[in-house]
Amino acid sequence: MKIAVLGAGAWGTAISIGLAARHDLTLWARNPQLAADLAQTRTNQTYLPGAALPPVVRVTASLQEALGRTELILIATPTAGMRPTLQQIAAARAEAPVIWLCKGFESESAHLPHQIAESELQDVARTAVLSGPSFAIEIARGLPAALTLAGADVKLVSSLARELHSKTLRVYTSEDVIGVEIAGAIKNVMAIAAGISDGLGLGHNARAALITRGLAEIARLGLRMGGRVETFMGLAGAGDLILTCTGDLSRNRNVGIRLAHGTPIDEVIANLGHVAEGVYTARAVDSIARQLGIEMPITRAVCRVMDEGIAPRIAVQDIMLRDPKSEY
């Protein structure tokens, strides 16, 4: 299958490496210099050092070239880059199915990726989201992983899942686009909270409690917005949450650790070198939860630490001192 991967960050590079053995891959980089470096060195030192891009993967800075010969489009940009990328796809009149890999809410509109697609593409029936527990470098190294592909067209999603499925990447299908997207977005907020907890040295018990109650927050908002409970218990929900809250490769957990050490959020972002979706998602989720009257104390605490100058330890104490209540 001819696949165009749009976005040459960590995920775009990793998925290109992972699919290159079975498919005809073109990797598009928005930055011409990055495209030239990738084509010459076959390594992405900026976003995924230590992973080699196979010689068969074409690299281009021309979106027209990438889209001109494709049967499937994979959008691997951050959420902030999804809208302009979709606008270019629409302008090029590309008819191939579109799958996005980004996780988060658009900062300006607080829209989920499928809502962005609805506003920019005419044929949203041929779209899907790929999500689940997956660090880019492990995908690039061919280590086993399992993901969820969700879309409204069951037949199309099943067909695309078979194309993406391999001996190291197991792809399950779902119709719950909203649930998959909400789970993938909010788990990044919980990862910041987990990083704060770990950075303060609060121990494994605290982390386990945070992950469990974080999953409850995700499901609480997700169900209100139309997601399905089984999604939050699956790969895109609990699976991705556990990985992101415990893995040392998690950018969002690293943000939390730095916040716990007293680094201001602007400095954290400036020094990170990669996009940490949880920073922008936390603000969007906090706003949406307030509008809907949904209790999300962990999300609120993360926002207080990032934006209101509350000391991380005080934010944790405030959560612990909340009145006892039924778990369910």
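For region 48-188, the alpha carbon positions stretch 36, 34, 31 Å along the principal axes, listed from largest to smallest. Each residue of region 131-146 is assigned a 3J(HN,Hα), and the resulting list reads 8, x, x, 7, 8, 4, 5, 6, 4, 4, 7, x, 7, x, 8, 10 Hz, derived from the Karplus form 6.51 cos²θ - 1.76 cosθ + 1.60 (θ = phi - 60°), x at Gly and Pro.
Amide H contacts of Ala146: Arg170, each under 5 Å away and 5 or more positions distant or on a separate chain (H built 1.01 Å from N in the peptide plane; Pro and chain starts excluded). Equivalent-ellipsoid semi-axes for region 248-328 (Cα gyration tensor, √(5λ), whole Å, largest first): 24, 15, 12.
From its DSSP helices (H runs of at least four residues, each -39,500 (n - 2.57)), the chain gives a residue-normalised ellipticity at 222 nm of -15500 deg cm²/dmol.
Among the GluC sites (Glu not before Pro) in region 134-222, those placed in a DSSP loop whose Cβ has at most 16 other Cβ atoms within 10 Å are Glu175. Comparing Asn252, Asn44, Asn31 in a Gaussian network model of the chain where C-alpha atoms under 10 Å apart are linked, the largest mean-square fluctuation is found at Asn31. Per residue, the accessible area of the chain comes to 45 Å², computed with a 1.4 Å probe over protein heavy atoms only.
Taking 25 °C and 0.890 mPa s as conditions, region 166-207 diffuses translationally at an estimated 193 µm²/s according to Stokes-Einstein applied to its Kirkwood radius (Cα pairs).
Relative contact order for region 99-178: 26 percent, from Cα pairs under 8 Å spaced at least 6 residues apart, divided by residue count.
Taking all protein chains together, Lys325, Lys155, Lys187, Lys167 sort by accessible area into Lys167, Lys155, Lys325, Lys187, largest first [probe 1.4 Å].
Carbon-plus-sulfur accessible fraction, the chain (probe radius 1.4 Å, protein heavy atoms only): 52%. Between 0 and 90 degrees, the angle of helix 177-199 with respect to the longest Cα principal axis of the chain falls at about 50 degrees.
Averaging the sequence gap over all C-alpha pairs within less than 8 Å and six or more residues apart, then dividing by the number of residues, gives region 224-296 a relative contact order of 17 percent. At q = 0.15, 0.17, 0.24 Å⁻¹, what base-10 log of I(q)/I(0) does the Debye formula yield for region 186-255 when every alpha carbon is treated as an equal point scatterer in vacuo? Rounded to two decimals, the profile gives -0.43, -0.55, -0.98. Residues whose amide H lies under 5 Å from that of Glu71, counting only those 5 or more places away or on a different chain, are Lys2, Ile3, Ala4; hydrogens are built 1.01 Å from N in the peptide plane. Here the 3J(HN,Hα) profile of region 240-249, calculated from phi with Karplus coefficients 6.51, -1.76 and 1.60 at θ = phi - 60°, is 5, 4, 4, 4, 5, 7, 10, x, 5, 7 Hz, Gly and Pro shown as x. Looking at the chain, the pairs of alpha carbons with a distance over 36 Å make up 16% of the total.
Estimated at the nearest 10 Å², the accessible area of Tyr280 is 90 Å² with a 1.4 Å probe.
Distance between the 7 Å Cα→Cβ label points at Glu267 and Ile319: 2.3 nm. Restricting the calculation to Cα atoms, every distinct pair contributes to the Kirkwood radius of region 1-77, found to be 11.8 Å.
The values are calculated or read from the model by the stated rules, or taken from the named source; none is laboratory data. What you are looking at is a predicted structure, and each value in this text was computed from that prediction instead of being measured. Positions of Cβ are generated from backbone atoms using ideal geometry, with glycine treated the same way; all protein chains shown enter the neighbour counts. Quick note on the areas: whole protein, heavy atoms, side chains included, nothing else; ligands and nucleic acids left out. Shrake-Rupley method; radii C 1.70, N 1.55, O 1.52, S 1.80 Å.
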